[in-house]
Every structure is written in structure tokens, then in C-alpha cells.
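In what follows, a single structure is set out as C-alpha cells and then discussed.
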Amino acid sequence: MNLIAEFAIFLFYSFLGWVCETTFCSVAARRFINRGFLSGPFCPIYGFGAVLILLLFSPFQEHLLLLFLFSIVGTSALEYLTSFLLEKLFHLSLWDYSNRRWNLHGRICLRNSLLFGIMSVLMVRLIHPYVLHVLSLIPNKLLLLAFLFLSVYFILDTSLTVRALAEISRAAGERQMELEGLSALRDEYLAAAQLERRQKMLLRRKRLYRRLAKAFPRMRSLRNPEAFR
């Protein structure tokens, strides 16, 4: 696969993952929940997971048990690593499986790992051949234009989401400092010269937080849990 085809596959499975996650969570909550990590209809972890499975484990597609077991290991490692990096970079935990049986540090659990294994087998054996057929029907120029447009959109969306996570984490830290009695810092933030900027920032942060809170109801701050709540 060339770079454009790989990116197209990444986007497709990111979108398919978003559809699955959003449908499952919306049905359970009886209301629409945008489950995406990004603002757009994408769950990048599913895209990365799909590309990982296809690159590493496609040779085992005729051996279902091996494909199933390797997929469990690969997707579980990816989910654990993603959770670990989010905690280290932003001091935030977007999901927590601590209340489920057979979990590892609350980052992964056996039930989800088994589901990912089943989904991976279905993807390799049934879904992906059809995806390749559809991509082969799209003219190269159109595929290139779509690649360029979606690349720019994806990069912008990712940068805004990363900034939102940083602001949310920082907001929890600021609130914690206020709770600890740093009145001087509070007065500085409420100074007339910065009040308008502060209000706009809080409004933007509130909107971003609401979307992420709906998508990840178990999201919590590891550094300042009380202030975050």
C-alpha cells in the first residue's frame, strides 16, 4: 500500500470506529453522544489499530485463532499505550476500566480486548477486501484531492483537540491553586485588563470540555481530581 492508500484506510477505519463507539454509547445513554476523540467523526485509535493489524497480522488471515490472539495483544497494547500517553502528557484519564473484572491498571480490560479481537478478525476477513475494492474504483486524482483536504482537516482538528486537553488540564491546576488559597493569582486573573480575555477563554474551554465530557464520561484529572470534578 502507498501512503495515500494507507491514509485513506486509516481515515475509513477511524470513521467506522467513531460510528461504532457513538452508536453504542448513544443507545446506552438514550441520547446522541459524539464519542470521537476529535471534534470530527473520527476515532484515531481505531484507525491506528486497523493499520497495525493489517500491516502486522494479515499474513495470518487463514489462521483464525492466531489472528484472533495476535489482534487481542496488538489492540490491547495500543489502547494501554494511548491511555498511558494521555495520562503522562495531559494528566487526564479519558476512560477507566477499574470497575470491570480482569482489567490492567484500569487502562484495558479483558471484555474490550476480546471484542477488539473479534472485530479485527471480521475486518481482515470480511470488511477490508471490500474496502480495497472500493478504493480501486476511485480515480487517483480524486483520491489525491481527498487525501490533501482530509490531511489538512485532520491535522487542524487534532491540534485543536490537543490544545483543548492542555487547557482542561491547566484549568484543573489553576482551580486547585485557588482552592489552596492563592488569592493573589486569582486576583490577577480577575483584573479588569484581563477580564474579557479570561471570559472568552472560559467559554471556549467550557464548550470543549462539554463535548469531551459527553464523549468520555469517566474523564478525570490525575493531578487535581478534586478541582477537576
Next item on the list: Would you list, by chain and number, the lysines whose Cα falls below 20 Å from the Cα of LYS206, excluding same-chain residues fewer than 8 positions away?
Entry: LYS214
Item checked: Dimensionless Rg ratio for region 97-152, taking C-alpha atoms and the 2.2 N^0.38 Å reference -> 1.78
Next item on the list: Once every Cα of region 11-60 carries one equal point scatterer and solvent is ignored, give the base-10 log of I(q)/I(0) from the Debye formula at q = 0.25 Å⁻¹, two decimals.
Entry: -0.82
Checklist line | Alpha-carbon Rg/Rh ratio, for region 14-106, with Rh computed the Kirkwood way | finding: 1.00
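Readers should treat all values here as calculations from the given coordinates under stated rules, not as data from a laboratory. Since we're looking at a predicted model, the values are computed, not measured.
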